[in-house]
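Heads up, the thing below is written out as structure tokens.
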There are 2 protein chains.
Amino acid sequence: MSSMFDEAEQDPSLADDESARIEERLRIQLLNEQYRHLNQKDRALLIIVAGIDGAGKGDTVNLLHEWLDPRHVRTIAFGAPTEEEKAFPLSRRLWLGLPPKGSVGIMFGAAYTPLLQEAAEKKPDPDKLEALISATRKFEDTLVANDVQIIKLWFHMSRDAQRKRTEKLRANPSTAWQVGKDYEKIFKNFDRVRHSGQRVIESTDTPHAPWIIIPSADDNMRSIRTAQTILDAFKRKSIKVPLPHNPGAPLKRNRPTRRLDQLDFEASIEKETYERELSQWQNKLAIAVRDKSFRKKSLVLVFEGQDAAGKGGTIRRVTHALDARQYSTIPIAAPRPFEMDRPYLWRFWRNVPRCGRIAIFDRSWYGRVLVERVEGYATRQAWQRAYHEINEFEKQLVDHGALVMKFWLAITPEEQLRRFKDREKSPYKSFKITPEDWRNRRQWSAYAQAAEEMFAKTDTEHAPWHILSANDKKHARLEVLQRITKALEQA
Amino acid sequence: MSSMFDEAEQDPSLADDESARIEERLRIQLLNEQYRHLNQKDRALLIIVAGIDGAGKGDTVNLLHEWLDPRHVRTIAFGAPTEEEKAFPLSRRLWLGLPPKGSVGIMFGAAYTPLLQEAAEKKPDPDKLEALISATRKFEDTLVANDVQIIKLWFHMSRDAQRKRTEKLRANPSTAWQVGKDYEKIFKNFDRVRHSGQRVIESTDTPHAPWIIIPSADDNMRSIRTAQTILDAFKRKSIKVPLPHNPGAPLKRNRPTRRLDQLDFEASIEKETYERELSQWQNKLAIAVRDKSFRKKSLVLVFEGQDAAGKGGTIRRVTHALDARQYSTIPIAAPRPFEMDRPYLWRFWRNVPRCGRIAIFDRSWYGRVLVERVEGYATRQAWQRAYHEINEFEKQLVDHGALVMKFWLAITPEEQLRRFKDREKSPYKSFKITPEDWRNRRQWSAYAQAAEEMFAKTDTEHAPWHILSANDKKHARLEVLQRITKALEQA
């Protein structure tokens, strides 16, 4: 029966002189393409390295550091997750390790380790397997759509060749450590690893993130094939990834489509009632986040809304109840150059809270489908894709124990005008009002439309939107505090 | 007897109307100064917050977020160090938390927690106390010299006022958590905390990183004084920090002053011997870094030397023996803008290895006293100061269990010329040779002089320089491997 490993298991080799001849040409081309890639800076190249034991993965990586300009190559090898890494969703470490545009990142295993391990079980759990495959595919789709080109190398050879190579590694004192003590296990596992690799490759091989099997029995062949594969990747003009058909997360149903219009903008609260209740809810919140059960959870608060809706003041009413060691407030402005060099969600992954902690985002990843959409900073494709990517991102946080709450503080155009004028008059509030705010105001309906579409597409069961009238600041602040506290108490 | 706390312990207060009048003016000035500071971007402002319990530190920080433009203010509160934080020198988390130029960072306690705790002991260990004081002063000197302005606020009041405030905090459900359950301890400790504060303030109050005592019994007084203090800090024109008199770390003695001239550039090794020994030493290295004892250590390797001295090839011979999960290679190029916004050593602190791991720097922090000195990228003051800062930095790594080894690969001008020409001829080495390399070559003696001064000033007992002839690459590679391995075996 023919298999994807047929060629590799015939253990093809390359004579030294032929290899040297090819190498000469390849190295020049590789460097030229790497520099073109670096100058163009339109994408990053992520090389994922996997394969059977003893196939020379480490040597190949060393070789790439020699053949490429190593200043623009970064290798990241993940071990078993540390306690610190486990305090976050596991994909965070993959996100943070992504190479910036123009550079090459080499990743050892980690992205595929859980999947390969499950597939190598005697009786893999089909649901778990399916979930891991799906998560991997979505992760790669997102990266490719965000200008991270991916190639996945599987280093392979026949069982006999593996035995020979392993014996050779054992015999050489400087490589014996690669084999380890129970090296017999390597051959015993050959079939299982082979089968698991086949299963994983079949289910995660896509046109935009392809697997390439590298025949590895012969050093020359392995080196040349790897270099050729990377050269081909550099040369690839564009990588199209299909838009996801499925929003990826169940949406809340039976919601009106124009939710901002449905709000009761008259809602308000008396000063005395406000002060009494504010204090009560702050107290309850303070107790809830100090509860033992919160140590294994985390809290992600997102504040969005029109300019001057009162996000800052609301956030301060929340933080009043919190210990400064427990929370961070993250103001989100336009991305900086080194952030632009990474996939859109990278800078938010950097700021997700660990277990037991709270992250408060003053504006957020929703900028993509609000300001970046309305002002044209993001392409239509990019912001349309973002709904799905954001749902997935939030789902991962929630699956790891985060409570994700998204607040939209809504005001009417009349109220905004009043506040803008107030701000202009107040000498210490005038910094809050800029020509940009007035420009945004003229786009009121475009922003409202973007917000409505955002609600419709990202109001998920796991991370709901809370849309509140903030025409009366006291009303909005109390509502926010109540909802956070109740959600924490329920969780 | 008069004390630094006299005024604060008289619990001065400010009437509401007077406070409101001052506030109005202060807030405008504060914002104007913050924006000037932000536009000028010539320094960061670090505010360290400490003081007795119940003095309203948290409220003050909330207030600052309201009175300043909070997009350029970042509060960092450190708790007890996590396991992850303990895997690095403890000052790393302070370094990584530093605000960039133009912005304001507020730090709760952490920098002073160990010192305050020691000073609050019934019988403080005088040596430990002295060491902590000295470390704190050095840290602050370095920051100030690197454009981080520091002010340190001590929130204080009388014991009676503390009791009253604490009772009030307890009575208000939203603030009761600040007091905690054993609130009686707070008053019991008053004298001890006061005494410890006094001791710490006296020993760490410098003109360039001053302590300011904020009377805190009255909310108005506390707020206005804090705001005034920050305003004064913004307005301060320049902050001079004296150059350290003492290099800070014992140097190796009896070293010739012109060490490059003393090298035996004829040293070489036969190919067969080389290959045999290389493999042997790689094996020993592989075993040494896999030893259990290494889990509590770390290894920092620095590679410097003339262009084309063979750093990359030597590094690859080292990494050949290492598991990719255990090491990172960090190529150091010119700093990027967000790195320029922080003190010079910030970007290196980001890359120091955790326990059990290895960081290999291809060029390093020594750029400051080499290329930045010779090319004039750093001011004379900055590179002269750097010897001391670097010694301190390395000392901290070593004190935490790191083995720090610095290699200078030396070649003769003739050998460099030969290699440059080789590189130009080789189509896949030509990327390694740029007009800059030729320019640097014309500065040969300036670089040599800078290197000699660097050896003289940074060849410390705890982090020695290994200066090797690399005219024969094989000789240099073997020496490097041997020295690393022997040092690990001895450690």
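On inspection, B:Arg27 passes the criterion of being within 14 Å of chain A (Cβ to nearest Cβ), touching a residue at least 12 places away in the same chain (Cβ under 8 Å), within 23 Å of B:Ile213 (Cβ to Cβ) and not small (Gly, Ala, Ser). Scanning segment A:210-228 for residues that are under 16 Å from A:Phe5 (Cβ atoms) and part of a helix (DSSP H, G or I) yields A:Met221, A:Arg222, A:Arg225.
Report yes if B:Leu46 is surrounded by 21 or more Cβ atoms within 10 Å (Cβ to Cβ) and modelled with pLDDT under 95, otherwise no. It is false that B:Leu46 is surrounded by 21 or more Cβ atoms within 10 Å (Cβ to Cβ) and modelled with pLDDT under 95.
When A:Val289 is tested against (1) of a type in the set (Val, Ile, Thr); (2) in contact with a helix residue (DSSP H, G or I) (Cβ under 8 Å, 6 or more places away or on another chain); (3) at pLDDT 95 or above, just one condition goes unmet, and that condition is (3).
Name the residue that is farthest from the other protein chains (Cβ to nearest Cβ), counting only residues in segment A:314-365 that are part of a loop (DSSP other than H, G, I, E, B) and polar (S, T, N, Q).
Initially, segment A:314-365 is screened for residues part of a loop (DSSP other than H, G, I, E, B), giving A:320-326, A:332-336, A:341-345, A:350-357, A:363-364.
Right, trim to polar (S, T, N, Q) and you get A:326, A:351, A:364.
Details: A:Gln326: 8, A:Asn351: 11, A:Ser364: 14 Å.
This residue is A:Ser364.
Please tell me if A:Phe338 is touching a residue at least 24 places away in the same chain (Cβ under 8 Å), among the aromatic types (Phe, Trp, Tyr) and closer than 22 Å to A:Lys486 by Cβ. The answer is no for A:Phe338. Listed by position, the helices (runs of 4 or more DSSP H) inside segment A:393-474 whose residues that are under 30 Å from A:Pro353 (Cβ atoms) number at least 2 are A:435-442, A:444-458.
The lone criterion from (1) modelled with pLDDT under 95; (2) buried (at least 19 other Cβ atoms within 10 Å of the Cβ); (3) among the polar types (S, T, N, Q) left unmet by B:Thr314 is number (1). Among the candidates B:Glu394, B:Glu461, B:Glu452, B:Glu414, the residue that is buried (at least 19 other Cβ atoms within 10 Å of the Cβ) and more than 14 Å from every other protein chain (Cβ to nearest Cβ) is uniquely B:Glu394. Restricted to segment A:262-313, and to residues there that are outside any strand (DSSP E or B) and aromatic (Phe, Trp, Tyr), the residue that is nearest to the other protein chains (Cβ to nearest Cβ) is A:Trp281.
The C-beta contact set for segment B:1-15 (first residue at negative phi, second residue assigned to a helix (DSSP H, G or I) and among the β-branched types (Val, Ile, Thr), distance under 7 angstrom, 6+ apart or interchain) comprises B:Met4/B:Ile201; B:Leu14/B:Ile224. Residues to consider are A:Tyr377, A:Tyr327, A:Tyr366, A:Tyr344; find the one that is among the aromatic types (Phe, Trp, Tyr) and surrounded by fewer than 17 Cβ atoms within 10 Å (Cβ to Cβ). When all the criteria are applied, what remains is A:Tyr377.
Residues in segment B:366-390 that are in a helix (DSSP H, G or I) and in contact with a strand residue (DSSP E or B) (Cβ under 9 Å, 6 or more places away or on another chain): B:Tyr366, B:Gly367. Taking the stated definitions as given, is B:Gly105 at pLDDT 95 or above, of a type outside the set (Lys, Arg) and within 18 Å of B:Ala209 (Cα to Cα)? Yes, satisfied.
What helices (runs of 4 or more DSSP H), lying completely within segment B:89-207, carry at least 1 residues that are more than 29 Å from B:Lys235 (Cβ to Cβ) and away from chain A (no Cβ under 14 Å)? Before the answer, list the steps.
Working: elements: B:91-96, B:113-119, B:126-145, B:159-171, B:176-179, B:184-188, B:190-204.
Output list reads B:91-96, B:113-119, B:126-145, B:159-171, B:184-188, B:190-204.
Results for (1) of a type in the set (Asp, Glu); (2) surrounded by fewer than 21 Cβ atoms within 10 Å (Cβ to Cβ), shown as yes or no for each residue.
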site: B:Asp147; (1), (2): yes, yes
site: B:Leu153; (1), (2): no, no
site: B:Arg159; (1), (2): no, yes
site: B:Arg163; (1), (2): no, yes
site: B:Trp177; (1), (2): no, yes
site: B:His208; (1), (2): no, yes
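Of all the residues that make up segment A:424-467, how many are under 21 Å from A:Phe265 (Cα atoms), of a type in the set (Lys, Arg) and touching a residue at least 40 places away in the same chain (Cβ under 8 Å)? Total satisfying the criteria: 1.
For B:Ser13, the conditions (1) touching a helix residue (DSSP H, G or I) at 6+ places or on another chain (Cβ under 9 Å); (2) outside any loop (DSSP other than H, G, I, E, B) all hold with the exception of (2). Residues that are facing another protein chain (nearest Cβ under 9 Å) and among the acidic types (Asp, Glu) were ranked within segment A:37-84; the one that is farthest from A:Glu184 (Cα to Cα) is A:Asp69. Looking at segment A:124-144, is at least one residue in contact with a strand residue (DSSP E or B) (Cβ under 7 Å, 6 or more places away or on another chain), hydrophobic (A, V, I, L, M, F, W, C) and within 30 Å of A:Gln40 (Cβ to Cβ)? For segment A:124-144, residues in contact with a strand residue (DSSP E or B) (Cβ under 7 Å, 6 or more places away or on another chain), hydrophobic (A, V, I, L, M, F, W, C) and within 30 Å of A:Gln40 (Cβ to Cβ): present.
Number of residues in segment B:30-68 that are in a loop (DSSP other than H, G, I, E, B) and among the charged types (D, E, K, R) equals 4.
The values are calculated or read from the model by the stated rules, or taken from the named source; none is laboratory data. Computed from a predicted model, the values in this text were never measured in an experiment. Methodologically, a virtual Cβ is constructed for each residue, glycine included, from the backbone with ideal geometry; neighbour enumeration extends over all protein chains shown.
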